[in-house]
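Enquirer: Quick one: this structure, given as structure tokens, is what I'll be asking you about.
The values are calculated or read from the model by the stated rules, or taken from the named source; none is laboratory data. What you see is a predicted model; the values in this text were computed from it and never measured. Neighbour counts run over all protein chains shown; Cβ positions are idealised from the backbone, glycine included. Side chains are part of the model used for accessible areas, which takes the heavy atoms of the whole protein and leaves out ligands, DNA and RNA. Shrake-Rupley method; radii C 1.70, N 1.55, O 1.52, S 1.80 Å.
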Amino acid sequence: MRPVVAIDGPAGSGKGTLARMIASHFDFVYLDTGLLYRTVAFLNIPLAEVRKLSVEKLLEETSKLDDKLLRSPENSVKASTIAKMPEIRDVVTGLQRDFIDLFNEKGTVLDGRDIGTVVVPDACCKLFITADLKERAKRRFADLKDKNTTFDEVFRNMKIRDNQDKSRKIAPLTCDKTYLMIDTTGQSVEESFKICREAVRKAFINSEYGSFV
Ligand code: DC
């Protein structure tokens, strides 16, 4: 088992917000794995170059980019598209495992689509965060600072991504019985956080990593 909180779920489910809150509460190190795919997609980094990158170097590239552009609807679909490529997934999965090794003494929180199924199936705690498609699109639309888009466009893009992420052949978004599923539809962030926090605490206390919480 590894001292990792693996958080998976569809776009706009609130998993990123909850992952950050969990990391900050327990003093774990957080990795938004979607940002790795978004950076590779945004910079159109060829596979041969991605293979040469360390996780630190890729995160350095990410930090130089404008978050708004990385998270734009166009780059979201682009990231989801390159994330279907097995060779890209292999390399990015390796980088995520390097990150986990790097911070093994502190504990890590990773959020994405295949963290608990592929990247680190032996994570100490696995959470699957979800919500209604309409509610997720509403949240994403409210988050977009620059409203250069319409609600309908955000809704449509999210639906395309849901389908791409769930139906791809490799590492599709899926929830099995090793996860605790949390449906955040109609919940406040505080309500969802309380459920997550207790789940993490319980999982760690019942493992060899009790001292981490
Ligand atoms: O979490 P996000 O919405 O920022 O992720 C952007 C895209 O990257 C998402 O549509 C699918 C892909 N992704 C993935 O395939 N596996 C991950 N662990 C994280 C993201």
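Enquirer: Just checking, which of GLU56, GLU74, GLU87, GLU61 is at pLDDT below 95 and surrounded by fewer than 19 Cβ atoms within 10 Å (Cβ to Cβ)?
Expert: Checking each option against the conditions leaves just GLU74.
Enquirer: Also, I was wondering about something else. Just one of (1) under 17 Å from GLY16 (Cα atoms); (2) modelled with pLDDT of 95 or more trips up GLU198, so point out which.
Expert: Status for GLU198: all satisfied but (1).
Enquirer: Turning to a different aspect of this structure: What about ASP143, is it of a type in the set (Asp, Glu), open to solvent by less than 50 Å² (accessible area, probe 1.4 Å), within 13 Å of the ligand (Cβ to nearest atom) and within 28 Å of GLN96 (Cα to Cα)?
Expert: no
Enquirer: Is it true that some residue in the range 94-104 is open to solvent by less than 10 Å² (accessible area, probe 1.4 Å), outside any helix (DSSP H, G or I), of a type outside the set (Gly, Ala, Ser) and under 21 Å from PHE212 (Cβ atoms)?
Expert: Checked against the condition, which is being open to solvent by less than 10 Å² (accessible area, probe 1.4 Å), outside any helix (DSSP H, G or I), of a type outside the set (Gly, Ala, Ser) and under 21 Å from PHE212 (Cβ atoms), the range 94-104 yields no hits at all.
Enquirer: Any residue in the range 171-183 that is touching a residue at least 24 places away in the same chain (Cβ under 8 Å) sitting within a Cβ distance under 7 Å of a residue that is of a type in the set (A, V, I, L, M) and in a loop (DSSP other than H, G, I, E, B)? List the pairs, counting only those 6 or more apart or interchain.
Expert: Taking only residues 6 or more apart or on different chains, the pairs are ASP183/ALA131.
Enquirer: Same structure again: Taking the range 1-24 only, how many residues are assigned to a strand (DSSP E or B), closer than 17 Å to LYS106 by Cα and open to solvent by less than 10 Å² (accessible area, probe 1.4 Å)?
Expert: Going through the range 1-24 one residue at a time, the tally reaches 4.
Enquirer: Please go through (1) within 9 Å of the ligand (Cβ to nearest atom); (2) surrounded by fewer than 20 Cβ atoms within 10 Å (Cβ to Cβ) for ASP111 and return the number of the only condition it doesn't satisfy.
Expert: Condition not satisfied by ASP111: (2).
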